[in-house]
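Enquirer: The structure's right below; bear with me while I get my questions together.
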Amino acid sequence: MEQLAGLDAMFLYGETPSMHLHVCGLVVLDTSTMPGGYNFETIRQMLIHRMPKIPAARNLLTHVPFGIGRPFWFDDPHLDIDRHLHRVALPPPGDDRTLATLVGDIASWPLHRDRPLWEMWVIEGLGDDRIALAVKMHHSTIDGVSGANVMGQLFDLEPTAALAPDDSVQHEPNHAPGAATLFAHALTRRLAQPWELATLLPTTAIRVASTAWRLARGSSSGASAAAPFSAPRTSFNGSISPRRSVAFVDIPLADVKLVKSALGVTVNDVLTTVIGGALRRYLDDRGELPDHPLLAATPISVHDQVSRQGSTKVSVMFSKLATDTKDPIERLRVIAEANVQAKEIHRLVGADTLLRWAEHFPFHAIGMGARLYSSLHLSEHHPVVHNLILSNVPGPPIPLYLAGARLAGLYPFGPIMDGAGLNITVLSQEDRVGIGLISCPELMPRIWDLADAVPDALAELVSAVRAAEAVGADPAVR
């Protein structure tokens, strides 16, 4: 019997009519490697056998009587893949932008709560022997690490469409107990909360004091740390609508690693700099470039640092994007230094602080507060907390296959929220880096302008490194 963890419940109850807290993924497949050629039924049969082995795919919400505790996950006794799996043909011309429009439409609708919280759309009509899968799963069931585990269950290392012998192995069903058992378990959990709070408060106070001292020290030395509510307002920092628009782009991993090696920084530093450069160009072209740097909220996986239950195990750090810095190498230097400082602050705050406090948030109040905040457009009446969400998720470095079709593109799309209506997620795959961008058309009517600026920002950085090396200068970040 597994109760939703506090952070999972926050994602579930924090959803509003305009803020959908699901995550989406676009998977592009090359069907030329499928034995016997493409066949929808082959993919359907593969999913029928494998999806039930993934807990998030069969978990059904079961609520506690009188709402005295968070819901529980139990197996859906009537799991029907065809209620979740859909087939659609992409209208002409079947290019990337047409595909993005369809994926944006799919992302614009919340998931049904009367079944396991996922959907999958098989999209045909792309041309060049390609199809796409649009996958949608609620954030209460999955994060970056658990998403990688889902991929491990679905994909193969070889282009075979045959089902392995263990594909038919059945899992042990996890059926819901009676209402009295759920009530007793939730009541026991609630009675333990005062003691847990008594131990959490002094720990948090020490961590907050240490963090405040570190921030003050950085400010006195002239190197102010990234902090919430210090972000400039842009056109995508307002109230969002239920509609979603997406774009996606690939950049070569080799160029990212070239810059990394030449400047002595991390891959994450380079990718953050590329996104910062793209945002600078996008805002400058619109006459909106602020004098102060944009601020990103960056989810950090803490799966390997905490032992608590739950599907979503993340913390958050804030990163400056140095959009006020024109020179790309100088921008990278600023970002690299800021990331070191942000990681130190995150360490002082503690990887488990958010998760522990989330266990004590009144989840019903979270839902009411989120709806009130959205309906009153309060995000437009206080300083901007952060401009966007920027995630970097490691992906598979090797070729993968689904029902014999080779994985040819992988683009993630996270949730957006009032006040931060842009989410950019970066995911490496083989020799490329896939970047997914999602907003709503009211805030970013031309999201592809930002996607198109990403390769240019990387090319600018590579050119600057090569130019420095050509004249014998040492471009390494110090």
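The values are calculated or read from the model by the stated rules, or taken from the named source; none is laboratory data. Quick caveat: nothing in here was measured; it's all calculated off a predicted structure. All Cβ positions, even for glycine, are placed from backbone atoms using ideal geometry, and neighbour counts span all protein chains on display.
Enquirer: Here is a check on your reading of the model: is Leu372 part of a helix (DSSP H, G or I) and within 29 Å of Leu279 (Cβ to Cβ)?
Expert: Judged against the criteria, Leu372 is not a match.
Enquirer: Sticking with this one: Name the residues in segment 250-266 that are touching a residue at least 40 places away in the same chain (Cβ under 8 Å), assigned to a helix (DSSP H, G or I) and within 24 Å of the chain's Cα centre (by Cα), would you?
Expert: As a first pass, look at segment 250-266 and keep what is touching a residue at least 40 places away in the same chain (Cβ under 8 Å): 250-256, 258-259, 262-266.
Of the ones still in play, those that are also assigned to a helix (DSSP H, G or I) are 253-256, 258-259, 262-263.
The answer is Leu253, Ala254, Asp255, Val256.
Enquirer: Which residue, of Pro93, Pro110, Pro71, is closer than 26 Å to Cys440 by Cα and modelled with pLDDT under 95?
Expert: Pro93
Enquirer: Could you pull out the residue among Ala336, Ala322, Ala342, Ala365 that is assigned by TED's automatic domain parsing to the domain that holds Thr272 and in a loop (DSSP other than H, G, I, E, B)? If you could, list the steps in order and put the result at the bottom.
Expert: Working: Ala336 fails: in a loop (DSSP other than H, G, I, E, B); Ala342 fails: in a loop (DSSP other than H, G, I, E, B); Ala365 fails: in a loop (DSSP other than H, G, I, E, B).
Going through Ala336, Ala322, Ala342, Ala365 in turn, the sole match is Ala322.
Enquirer: Starting from segment 331-357, take each residue that is touching a residue at least 60 places away in the same chain (Cβ under 8 Å) and over 13 Å from Thr204 (Cα atoms) and list its partners that are β-branched (Val, Ile, Thr) and crowded, with 21+ Cβ neighbours inside 10 Å, counting only C-beta distances under 6 angstrom and pairs at least six apart or across chains.
Expert: Pairs that qualify, where the first residue is touching a residue at least 60 places away in the same chain (Cβ under 8 Å) and over 13 Å from Thr204 (Cα atoms) and the partner is β-branched (Val, Ile, Thr) and crowded, with 21+ Cβ neighbours inside 10 Å, are Leu332/Thr273; Ile335/Thr272; Ile335/Thr273; Ala336/Val265.
Enquirer: Given the conditions (1) modelled with pLDDT of 95 or more; (2) within 22 Å of the chain's Cα centre (by Cα), which single one is not true for Asp324?
Expert: If we test Asp324 against (1) modelled with pLDDT of 95 or more; (2) within 22 Å of the chain's Cα centre (by Cα), just (2) comes out false.
Enquirer: Which one is farthest from His22 (Cα to Cα) among residues in segment 65-75 that are out of contact with any His (no Cβ under 6 Å at 6 or more places or on another chain) and crowded, with 21+ Cβ neighbours inside 10 Å?
Expert: So the residue we want is Gly69.
Enquirer: A further question follows. Could you go through segment 408-427 and let me know if any residue there is touching a Gly at 6+ places or on another chain (Cβ under 8 Å), free of Cβ contacts under 8 Å to residues at least 40 places away in the same chain and under 30 Å from Glu158 (Cβ atoms).
Expert: yes
Enquirer: Can you tell me which residue within segment 161-207, out of those that are in contact with a Pro (Cβ under 7 Å, 6 or more places away or on another chain) and either at pLDDT 75 or above or part of a helix (DSSP H, G or I) (or both), is surrounded by the fewest Cβ atoms within 10 Å (Cβ to Cβ)?
Expert: Ala179
Enquirer: Are any residues in segment 239-296 among the acidic types (Asp, Glu) and crowded, with 20+ Cβ neighbours inside 10 Å, and if so, which ones?
Expert: Of everything in segment 239-296, just one residue is among the acidic types (Asp, Glu) and crowded, with 20+ Cβ neighbours inside 10 Å, namely Asp269.
Enquirer: Then there's this: Spot the failing condition for Met444; the list is (1) within 30 Å of the chain's Cα centre (by Cα); (2) crowded, with 19+ Cβ neighbours inside 10 Å; (3) closer than 29 Å to Val340 by Cβ; (4) of a type in the set (A, V, I, L, M, F, W, C), and only one is missed.
Expert: (3)
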